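Data block below; observations after.
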Amino acid sequence: MANWFQPQEQHSAPEDSGPAPAEETAVVAPERGSRLVSLAAVLFVPAVIYSCLGSAVVWTGWTTGDELGIALVLSLLGLVFPEDPNAAAGVCAVVTIVVALVVATLAVLLPLRIALVRPALTALSWLVVAYQGYAVAVLLSEGVAEQGMIYVVLPVVALLLWLLPSVVVSLPGVGRALRRAA
């Protein structure tokens, strides 16, 4: 009869046993929702840069005699409302850069899953999209395209740069990912 209580010899593994087992070296991929939240935040970067560029054009005075500079200024928030857009360009540049920086701050905070960041970011970005759509409609109705298509193309570019991240941040998957992690 075998003695079950006898100590058994333990075999030690050689010192150079090669790579560690797969469980130890595997990198856990981020969840799909987490990637969608990050994508929503990153998509705001081009819109913010474009808005800051439009504001910088006003402050540097690049608009004098340059079609591209004038077309960039037409993308500023609020420029189609006043009777004299030249006098209001400075105020519109300030409004545009403030909105852009608030959106940039909210986009940075979005992956941190703070409760009111997504609704604030969604509302603000859809307001900008609504204004940009209105601005394009006003520019087309006033015949600005007849003076040069670039005067309408760059406000349309601003509209599209704001529309894409607005749609993505409004997706239900982003909301679910933010609720799941909270």
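For segment 138-182: of the residues being among the charged types (D, E, K, R) and over 21 Å from the mean Cα position of the chain (by Cα), which is modelled with the highest pLDDT?
142
Looking only at segment 94-121, filter to residues that are more than 26 Å from residue 72 (Cβ to Cβ) and surrounded by 20 or more Cβ atoms within 10 Å (Cβ to Cβ); which one of those is nearest to the chain's Cα centre (by Cα)?
110
Would you call residue 176 basic (Lys, Arg) and farther than 17 Å from residue 47 by Cβ?
It is true that residue 176 is basic (Lys, Arg) and farther than 17 Å from residue 47 by Cβ.
Quick check: anything in segment 138-157 touching a Pro at 6+ places or on another chain (Cβ under 8 Å) and surrounded by 14 or more Cβ atoms within 10 Å (Cβ to Cβ)?
Yes: one or more hits.
Within segment 50-79, can you find the residues that are out of contact with any Leu (no Cβ under 7 Å at 6 or more places or on another chain) and part of a loop (DSSP other than H, G, I, E, B)?
The answer is 61, 62, 63, 64, 65, 66, 76, 77, 78, 79.
Can you tell me which condition residue 131 does not meet? The list is (1) modelled with pLDDT under 85; (2) among the hydroxyl-bearing types (Ser, Thr, Tyr); (3) under 17 Å from residue 167 (Cβ atoms), and all the others hold.
Residue 131 satisfies all of (1) modelled with pLDDT under 85; (2) among the hydroxyl-bearing types (Ser, Thr, Tyr); (3) under 17 Å from residue 167 (Cβ atoms) except (1).
Can you say whether residue 47 is more than 30 Å from residue 175 (Cα to Cα) and part of a helix (DSSP H, G or I), as far as the supplied structure shows?
No: the conditions fail for residue 47.
The values are calculated or read from the model by the stated rules, or taken from the named source; none is laboratory data. Note that this is a predicted model, so its numbers are computed, not measured. Neighbour counts are summed over all protein chains in view; Cβ atoms, including those assigned to glycine, are modelled from backbone coordinates with ideal geometry.
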